[in-house]
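Colleague: Dropping the structure in here first, questions after.
The values are calculated or read from the model by the stated rules, or taken from the named source; none is laboratory data. Note that the coordinates shown come from a computational prediction; the quantities given were computed from them, not determined experimentally. Ideal geometry is used to build each Cβ from the backbone, glycine not excepted, and the neighbour counts take in all protein chains shown. These accessible areas exclude ligands, DNA and RNA; they are computed on the full protein's heavy atoms, side chains included. Shrake-Rupley method; radii C 1.70, N 1.55, O 1.52, S 1.80 Å.
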Amino acid sequence: MTPFRTQVVRSIPALRDMVGRWRRNGDCIGLVPTMGALHEGHLSLVRQSKMQCDRTVVSIFVNPTQFNPDEDLDRYPRQEEKDLDTLSSEGADLAFIPVADEIYPDGFCTAVHVDRVTIGMEGTVRVGHFDGVATVVCKLFMQVQPDRAFFGEKDYQQLITVQRMVRDLDMPLTIVPVTTVRESDGLAMSSRNAYLSEDQRRIAAALNRILHETAASIVAGLGIETATAVARQELLDAGFDAVDYVECRADADLAIIESLNRPARLLATVRLGAIRLLDNIQIG
Ligand code: PAF
């Protein structure tokens, strides 16, 4: 028996043709948007989609508009053949792998801007990042027209931004959040973990540990401002080169909170050399 192969389409008409046929058949369509370099975190999104939908489309597109000029766009890991083998063994039906011109043709000049939930944290460190994310995700939704789209909680501000966009623009689909997949020492899976040296990899595990300790202190009554300042120092002491932010925000909409008067989320981003590591956990 020939092993299952995920079909590949590279153009929007070919994508629409394939998905249109499924839709006419009454199939529920799941979309997993990715930038490739697939790891267990992505696979958990694909598995959720397979469980909840009849057809699963995975997009692989390293989106240039969400990178700033000083970021790692050129160095971002690209491994199409390996990704396609992985998707085939997971049983993903279709991989949409467009070239940049297919997504941003000559003369492209439209952007989707989501306000408020993009202010602060990644929105401050990576100016314009969420415009790039919202624009490409909006386009992918228009192209695939999925019933459900699956996003990891690891990029929590991205997840909330996409949820907000879908609600605000009445997009007819459901965003499904998926729990972060972690290494055995707690490090959240990320395509960028591949860049860590052995020493950096050891230090990296402290991020999740310190987030848990900080959450426990906040639950025990330590003020948010004090607890996050202590966490910053502990992260530096653990060997991280810099701390971009440690913040405690409302879980539902990332509003700034001064006390634990509703479900909250502790979010942090640190740097090891040129590598940025993000993590977040729920509190309460
Ligand atoms: O999370 C990612 O990999 C990207 O931001 C996404 C959602 C695929 C948009 O380019």
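Colleague: State yes or no: is G123 within 26 Å of V243 (Cβ to Cβ) and away from the ligand (no atom under 13 Å from the Cβ)?
Modeller: yes
Colleague: Now for a different question. Can you name every one of the helices (runs of 4 or more DSSP H) wholly within region 166-284 that holds 3 or more residues which are in contact with a helix residue (DSSP H, G or I) (Cβ under 6 Å, 6 or more places away or on another chain) and under 18 Å from V117 (Cα atoms)?
Modeller: Ranges flagged: none.
Colleague: What is the one condition in (1) in contact with a helix residue (DSSP H, G or I) (Cβ under 8 Å, 6 or more places away or on another chain); (2) part of a loop (DSSP other than H, G, I, E, B) that D70 does not satisfy?
Modeller: With (1) in contact with a helix residue (DSSP H, G or I) (Cβ under 8 Å, 6 or more places away or on another chain); (2) part of a loop (DSSP other than H, G, I, E, B) applied to D70, the lone miss is (1).
Colleague: While we're here: Please verify whether region 206-217 includes one or more residues that are of a type outside the set (F, W, Y), touching a Lys or Arg at 6+ places or on another chain (Cβ under 9 Å) and within 16 Å of the ligand (Cβ to nearest atom).
Modeller: No, the conditions are met nowhere in region 206-217.
Colleague: In region 81-111, what residues are open to solvent by 60 Å² or more (accessible area, probe 1.4 Å), more than 16 Å from the ligand (Cβ to nearest atom), in a loop (DSSP other than H, G, I, E, B) and among the small types (G, A, S)?
Modeller: Result: G107, single match.
Colleague: Another question, if that's okay. Test of understanding: among T180, T161, which residue is open to solvent by 10 Å² or more (accessible area, probe 1.4 Å), among the hydroxyl-bearing types (S, T, Y) and within 17 Å of the chain's Cα centre (by Cα)?
Modeller: One residue alone meets the criteria, T180.
Colleague: Out of everything in region 50-80 that is open to solvent by 60 Å² or more (accessible area, probe 1.4 Å) and more than 16 Å from A37 (Cα to Cα), what residue ends up being farthest from the chain's Cα centre (by Cα)?
Modeller: D54
Colleague: Here is a follow-up. If T110 passes every condition in (1) closer than 24 Å to L45 by Cα; (2) over 19 Å from the mean Cα position of the chain (by Cα) but one, which one does it miss?
Modeller: Every listed condition holds for T110 apart from (1).
Colleague: So, in region 117-133, of the ones that are part of a loop (DSSP other than H, G, I, E, B) and open to solvent by 10 Å² or more (accessible area, probe 1.4 Å), which residue ends up nearest to E71 (Cα to Cα)?
Modeller: Among those that are part of a loop (DSSP other than H, G, I, E, B) and open to solvent by 10 Å² or more (accessible area, probe 1.4 Å), it is R126.
Colleague: Yes or no: L254 touching a residue at least 12 places away in the same chain (Cβ under 8 Å) and surrounded by 13 or more Cβ atoms within 10 Å (Cβ to Cβ)?
Modeller: So L254 passes the test.
Colleague: What residue, of V166, V137, V114, is within 12 Å of the ligand (Cβ to nearest atom) and surrounded by 14 or more Cβ atoms within 10 Å (Cβ to Cβ)?
Modeller: Residue meeting the stated conditions: V137.
Colleague: Conditions first: (1) within 18 Å of G186 (Cα to Cα); (2) open to solvent by less than 10 Å² (accessible area, probe 1.4 Å); (3) under 23 Å from the mean Cα position of the chain (by Cα). Q282 passes all but one, so which condition is the exception?
Modeller: Going through the list (1) within 18 Å of G186 (Cα to Cα); (2) open to solvent by less than 10 Å² (accessible area, probe 1.4 Å); (3) under 23 Å from the mean Cα position of the chain (by Cα), Q282 breaks only (2).
Colleague: I've got another one for you. Report whether or not A194 is more than 13 Å from the ligand (Cβ to nearest atom), more than 16 Å from L267 (Cα to Cα) and either open to solvent by less than 20 Å² (accessible area, probe 1.4 Å) or among the aliphatic types (A, V, I, L, M) (or both).
Modeller: yes
Colleague: Let me ask you something else. Taking the options Q145, Q200, name whichever one is within 30 Å of I29 (Cα to Cα), open to solvent by 30 Å² or more (accessible area, probe 1.4 Å) and touching a residue at least 12 places away in the same chain (Cβ under 8 Å).
Modeller: Of Q145, Q200, the one residue that is within 30 Å of I29 (Cα to Cα), open to solvent by 30 Å² or more (accessible area, probe 1.4 Å) and touching a residue at least 12 places away in the same chain (Cβ under 8 Å) is Q145.
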